Amino acid sequence: MLVRSRPPTSRVRAVLRRTFFVTSAASLFLHKLSFAKGNVMMDDPMLAPWVGAHGGFPPFDKIKKADFKPAFAKAMDLMRGELDAIAKSTKPATFDNTIVAMEDAGRALGRVSSVFDIFTSTMADKEVQQLEADMAPVLAAFDDEIRQNAALFARIKAVYDARESQKLAPDQLRLVEVTYKSFARRGAALGDADKKRMKEINGRLAALFTAFGQNELHDEETYTLALDDKDLAGLPDSVRTAMKSAAEAKGQKDKWLITNTRSSVEPFLTYSSRRDLREKAFRMWTRRGDMGDAHDNKKPITEILALRGERAKLLGFASHAHWIIDDNMAKTPDAARALMMKVWKAAVARVREEVADMQKLADAEKAKLKIEPWDYRYYAEKVRKAKYDLDEAEVKPYFELNNVLENGVFYAANQLYGITFKERKDIPVYHPDVRVFEVSDADGKALALFYCDYFKRDNKNGGAWMGSFVDQSRLLGTLPVVYNVANLPKPAPGEPALISFTDVTTMFHEFGHALHGMFANTEYPSLSGTATARDFVEFPSQFNEHWALYPTVFTHYAKHYKTGAPMPADLASKIKKAASFNQGYKLTELVAAAELDMQWHTLPASAAVQQPDVFEKQALERTHLVLSAVPPRYRSSYFSHIWFNGYSAGYYAYLWSEMLDDDAYQWFEEHGGLTRANGDRFRQMVLSRGNTEDLAKMYAAWRGKEPSVEPMMKYRGLKESGH
Ligand SMILES: [Zn+2]
């Protein structure tokens, strides 16, 4: 369950249908300086420059697990030498001899890291897990060593201070600022005493994050609900089977077990007709980390908040949220809050209608109850069946994976951007399930390599994500090599892979990230492709989801795998209708969680020590998001996203990037929908530009105005209320 260090520029990861962007400040720098000159150690397949079609690719046929440790050691040494040469130069610091030289350092380490990353995320057997555990502290220490290199920072600062007078191009100026900030935000500009305190704070926070995660895990593993066969009313076979094997894993015979995790509790709440047990399961699940025992998370939360507040103050910010969001597209907590405030009334109004629908259904059944949180999913499922009944078995034959990929995902990209795809069987892959495509521009020029790895297997992380083996850079002369990973069920040999519409959407989503990486056309690797702020990075991917339902795209791929017949119109319209199901609930639980996160993290360092449960209740009351049937998606005591998974003061980013993606799609609708002209303009002004300009300015220049929330309300079937 722990999030592993991952270079955010190389990895965008989705969990469930919507997305989850994992980042780690510690790994950011390592990847940014990710391409070392490889004129040494030509014999090592990971360290030597990669060669081959489209600018080169990882030689997976020559890479052995045993090579990782020595390769990392050599690559770090190499980068250390490169940075030392910059830091110890006796010449005055300039953009070229400092900032550009840093962009050019660490190429070998970038290669090793990118290959290691695919091993740890998709082939993490015992040996790889051990390697990862061994390497994590070594890489973190190396990152610290770079950040604390005072001579190096002095030169960066000299360039930064003189940046206005150096006649830099806009992307160069941006690079200076991004580089300086990446050091300063970690405390490089502080005096010695403050630096020391910062180090103490970070060390203590790391310990608290571990404690928080372990407490949560403890409660997830310790508390379970063991049921007998008389308790299984309403549960479909798939849920029963999962509960049975959970019980067997714990050595409980003739029992069915609900474990204390979302994947176990949610299906139970959805299908069980036993209201008493639903309530029990719900209460168990929502008290994780809040049991008042030695594993209670309220204490770590209080301490994390105090330390974060203090650190923000050291760095000159009003609160942790101000510090975090300063680096994002929204720029201030107020801007993020303003979006939530625009949305919540409509969300709550909608969820009230949804609850009323359910109440009606419950009343008709003479259930004699008022819908409570443990009833919500159960009645929502009944409403869904009545209103939007979608039979997966009927739908899936129209979504055969390869057909969806080539006639849906690739087709939409071809129609919008003119790019073409050709499978390459001669390029070595890291696993037999992986396929490689060369991607060419409309004029036939090589653009990128695209790897896809769609099937679930042992030792592979859950969810779906995008990553890169090579980032595009004109400075380094590199073309992008990107990949998409997912966990779709693998069919038996010879059988077709038939997938759900949710999976189809996931493929479009991840390919949106891939396009952001493949269209990158920037000079400097640190500003390339997906190396953008948290509240922007999910925008291209969520935007790309829209094309899955676009009429000319949908009819091009939604065809029966045996007969080739198009999907019947009534089935297609059911799929479209189902997309708006439950939007009020989804939005409300999201806004409530985002609001909770923001209220916690805008507390200044001087704020009195808070009682987490009291604060949580008040925080939700303040925003009128208290609805008995809809709690926030996470309560504070198990909201690991914001306490240690890198989403602190950042949960709003989900909402922010959804606002952008719907607003962007609206532009396409206003300008004739799916056309080459529209696609090319979007590519040129947004997708190719990475982080080369202030993202709010970049967006507004393309859109012709600031993003607005109205399209999101429209596409979600929400109405803005009058006040
Ligand atoms: Zn994503």
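The values are calculated or read from the model by the stated rules, or taken from the named source; none is laboratory data. Since the model is a prediction, treat every value here as computed from it, not as a measurement. So basically every Cβ, Gly included, is an ideal-geometry build from the backbone, and we count neighbours across all protein chains shown. Remember, those area values only see protein heavy atoms, side chains included, never the ligands or the DNA or RNA. Shrake-Rupley method; radii C 1.70, N 1.55, O 1.52, S 1.80 Å.
The table that follows gives values for the structure above.
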read-out	value
Crossing angle, helix 107-122 versus the chain [Cα axis fit, 0-90 degrees, rounded to tens]	20 degrees
Heavy-atom accessible surface of segment 542-640: percent carbon and sulfur, 1.4 Å	58 percent
Net lengthening on full extension, residue 423/residue 85 (0.36 nm per residue, minus Cα-Cα)	117.4 nm
Relative packing of peptides 177-187, 235-245 - highest average C-beta neighbours within 10 Å first	177-187, 235-245
Fraction of alpha-carbon pairs over 42 Å apart in the chain - percent	28 percent
Shape of segment 492-614, Cα gyration tensor, a/c cut at 1.5	oblate
FRET efficiency estimate (nearest 0.05) - Cβ-Cβ, residue 443 to residue 563, R0 45 angstrom	0.75
Dipole moment magnitude, nearest 20 debye, segment 453-612 about Cα centre, only Lys, Arg, Asp, Glu C-beta charged	540 debye
Mean-position separation - Cα centroids, segment 422-453 and segment 462-516, in angstrom	12 Å
Cα-centre dipole for segment 223-285 with unit charges at Cβ (Lys and Arg positive, Asp and Glu negative), debye to 20	140 debye
Pairwise FRET efficiency - residue 73 versus residue 253, Cβ, R0 = 56 Å, nearest 0.05	0.65
Approximate spin-label separation residue 61-residue 222, in nm, with each point projected 7 Å along Cα-to-Cβ	5.4 nm
Extension gain (nm, one decimal) between residue 389 and residue 158, 0.36 nm per residue minus Cα-Cα	76.8 nm
Nearest 10 degrees, 0 to 90: helix 653-670 Cα axis against the chain principal axis	90 degrees
Accessible-area order (highest first, 1.4 angstrom probe) of the listed residues 516, 54	54, 516
Restraint check, 253/586; 69/445; 360/577; 250/456, Cα-Cα greater than 29 Å	253/586; 69/445
Qualifying trypsin sites (Lys or Arg not before Pro) in segment 630-723, DSSP loop, other Cβ atoms within 10 Å at most 15	705, 719
Cα centroid separation, segment 677-711 to segment 347-418 (Å)	31 Å
Carbon plus sulfur fraction of accessible area for segment 223-285, probe 1.4 Å, in percent	51 percent
Integer Hz, Karplus 6.51/-1.76/1.60 couplings in order for segment 563-576, x for Gly and Pro	9, x, 5, x, 5, x, 4, 5, 5, 4, 6, 4, 4, 5
Cα-projected label distance for residue 573 with residue 262, points at 7 Å along beta-carbon direction, nm	3.4 nm
Qualifying GluC sites (Glu not before Pro) for segment 295-393 [loop in DSSP, other Cβ within 10 Å: at most 10]	none
Spacing of the two label points (7 Å from each Cα toward its C-beta) at residue 129 and residue 685, in nm	5.0 nm
Only Lys, Arg (+1) and Asp, Glu (-1) charged, at Cβ; the chain dipole about Cα centre in debye	620 debye
Loop trypsin sites (Lys or Arg not before Pro), segment 552-617, which have at most 11 other Cβ atoms in a 10 Å radius of their Cβ (DSSP)	562
Most to least packed among 660-673, 490-503, 102-115 [average Cβ atoms within 10 Å]	102-115, 660-673, 490-503
Segment 223-285: translational diffusion in µm²/s, Stokes-Einstein, Kirkwood Rh over Cα pairs, 25 °C, 0.890 mPa s	218 µm²/s
Extended-chain gain in nm, criterion 0.36 nm per residue less alpha-carbon gap, residue 230 and residue 206	4.1 nm
Accessible surface, segment 252-346, averaged per residue in Å² (probe 1.4 Å)	42 Å²
Selection from 640, 600, 611, by position along the positive dipole direction of segment 577-690 (Cβ)	640
Ranked order, 123, 329 - accessible area, probe 1.4 Å, largest first	123, 329
Accessible solvent surface per residue of segment 57-202, calculated while the other protein chains remain in place, 1.4 angstrom probe, Å²	44 Å²
Rounded FRET efficiency, nearest 0.05, which uses the C-beta distance separating residue 310 from residue 356 and R0 of 45 Å	0.45
Over the chain, relative contact order from alpha-carbon pairs under 8 Å, at least 6 apart, %	17 percent
Residue-by-residue Karplus 3J(HN,Hα) for segment 323-338, coefficients 6.51, -1.76, 1.60, Hz, glycine and proline x	5, 5, 6, 3, 8, 9, 5, 5, 6, 9, x, 4, 5, 5, 5, 4
Overall form of segment 138-207 per C-alpha gyration tensor (a/c, 1.5; a/b vs b/c)	prolate
Beta bridges by DSSP in the chain, antiparallel share as percent, to the nearest 5	80 percent
Where segment 511-602 is the region considered: accessible area per residue in Å², 1.4 Å probe	27 Å²
Cross-link partners of residue 181 among lysines (Cα-Cα below 27 Å; sequence separation of 8 or more within a chain)	32, 37, 88, 91, 157, 167, 195, 196, 199, 313, 331, 697
